[in-house]
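*Asks:* Quick one: the structure is below, and I'll ask about it shortly.
Derivation of every value follows stated rules applied to the coordinates shown; laboratory data play no part. Note that the structure is a prediction, hence the values are computed from the model and not measured. Cβ coordinates were reconstructed from backbone atoms using ideal geometry, including for glycine residues, and neighbour counts include every protein chain displayed.
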Amino acid sequence: AVGVATWGNVMVSSMWAPANLVTLVRWFLLLLDSTCRATWWRFSHPGDAEAFFSKRDSLPKSWQSDKDTPPPVVIVTGAGSGIGYATAARLTEMGLSVVVVCGTVEEAEQTCDLIREKTKKAKSKRSELIIPRGADLRKGKEVVKLVAGLGDLEVRCVVHCAGVFGVSCEKFADVIGVNAAAPFLLTELLVERRRGQKNKNNKKYAPPLRLVFVGSFTHRGVTVSQVMRVWESLLTDCGKGGKDLRDKGNKDISDKNKAARLTPAEVYAFSKLAVTSFAYAFSTRYESVSIGDESLSHNSSRSESRKETEEEHEHVTCAVADPGLVDTKINRGWPFTLRVSYVFVASAVGLLATPTQAARAVCGACFREETVICPKESKVQKEGFGDTRKEKQNCTYFFGPRGARLEPSPLVLNPEVQKITKQALERWMEWYKEE
């Protein structure tokens, strides 16, 4: 069917709808554009590109451990297949302790068995390197339970690989939940958990934490008007987000002209813009209390608070790893003809990566902990947003298997978009945590 399905105040059209097909064509052009940008970056930064490529095959010194010290712990969500599975397997091969997060415990245990068979090193020497955990990321309670079950594990890194693509309006809440809300909640819980950790001397200790969000080039196709329409619809018309959204799912709405019309492809791209925006907004949280902030130095009590906050977060870094177009099961719900055609064309022009290639890029983002960077000024003067700011960001956007450092969509750095995204995700949490 080519019709439009109604989901609360958001209408999601089918995969064969002309608007959805146009969006898929735009995706292809965005992928081609990002690939060209990445090629130019590698040409203009040969040293950085080569360093990123070589460091992916070995652990940095800060990640290495001796025989008497347990290896760093990395959490990988969506490890049941695709990029998540390949990333978990590669990290295990490199000698790290990996928490394999799948939809169920049974699936996680099966995945761990497959990884043990694939990585003889883990199987013969240290089988405890792989830790199975089950968590349905569509439900916030499962995320809370996952963090509570970590025990005394000192998490060094979390890789948000889990992702879904909804081909119908019934899956819209799942797309937002898994692709955006779950990383949001898991990150906040891990940072909060980190604040209460103590070292061997029973002193408060905040270990280093690396946050890697698997992004997508598709976020570049989202417009300001789409962001505002969808999030404002969730914040105003749909009450507590997904709960009311589900209740209103099959009901007609009185004024369709005010509805946010989105295709399944746009919903996915929208969720990726949300998680990328969150990553950058989260990174600025620590820059707002830097020592060089003279506005706080005159007050001794606030200065002490600033120092404590900075010490607590000085080793928290973020990265967005966009592997490009990867041949995974995320598009298994697409119509067969459409899926095969899209994959064939992308493969024919050399733009389709394998999960293994994507995993190498994600692992590179884990270990390439950049210093604070200052992105170029981005002028956004559309839809009434003319704010231009140059702000320090403790986050890096990597694209492609070789980790080219590109700038994300200007909307990601737009303070208004970051603000409404944060508000909408927090509102969504009211329902998500109770699911």
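*Asks:* Under the rule of at least 5 residues apart or a separate chain, name every residue whose amide H is placed under 5 Å from the amide H of VAL98.
*Replies:* The answer is VAL74, ILE130, ILE131.
*Asks:* Extension gain GLU434-HIS315, at 0.36 nm per residue separation less the Cα-Cα distance, in nm? Intermediate values should be presented prior to the final figure.
*Replies:* Working: separation 119, 0.36 × 119 = 42.84 nm, distance 3.15 nm.
Taking GLU434 through HIS315 to full extension adds about 39.7 nm, to one decimal.
*Asks:* VAL105 versus SER65, label points 7 Å from Cα toward the beta carbon: distance in nm?
*Replies:* Modelled inter-label distance: 2.4 nm.
*Asks:* Mind ranking 320-328, 420-428 by how tightly packed they are, going by the mean number of other C-beta atoms within 10 angstrom, highest first?
*Replies:* On the way: 320-328: 23.9, 420-428: 20.1.
Order by mean packing, descending: 320-328, 420-428.
*Asks:* With a ≥ b ≥ c the root eigenvalues of the C-alpha gyration tensor of the stretch 311-357, is it rounded (a/c under 1.5), prolate (a/b larger than b/c) or oblate? Each step should come with its number before you reach the end.
*Replies:* Values: a/c = 4.63, a/b = 2.60, b/c = 1.78.
Cα axes put the stretch 311-357 in the prolate bin.
*Asks:* Amide H to amide H under 5 Å from THR263: which residues, 5+ apart in sequence or cross-chain, H placed 1.01 Å off N in plane?
*Replies:* SER13
*Asks:* Moving on to the next point. Expressed in nm to one decimal, what extension gain is obtained for the pair GLU192 and ASP33 from 0.36 nm per residue of sequence separation less their Cα-Cα distance?
*Replies:* Extending this stretch completely gives an extra 53.4 nm.
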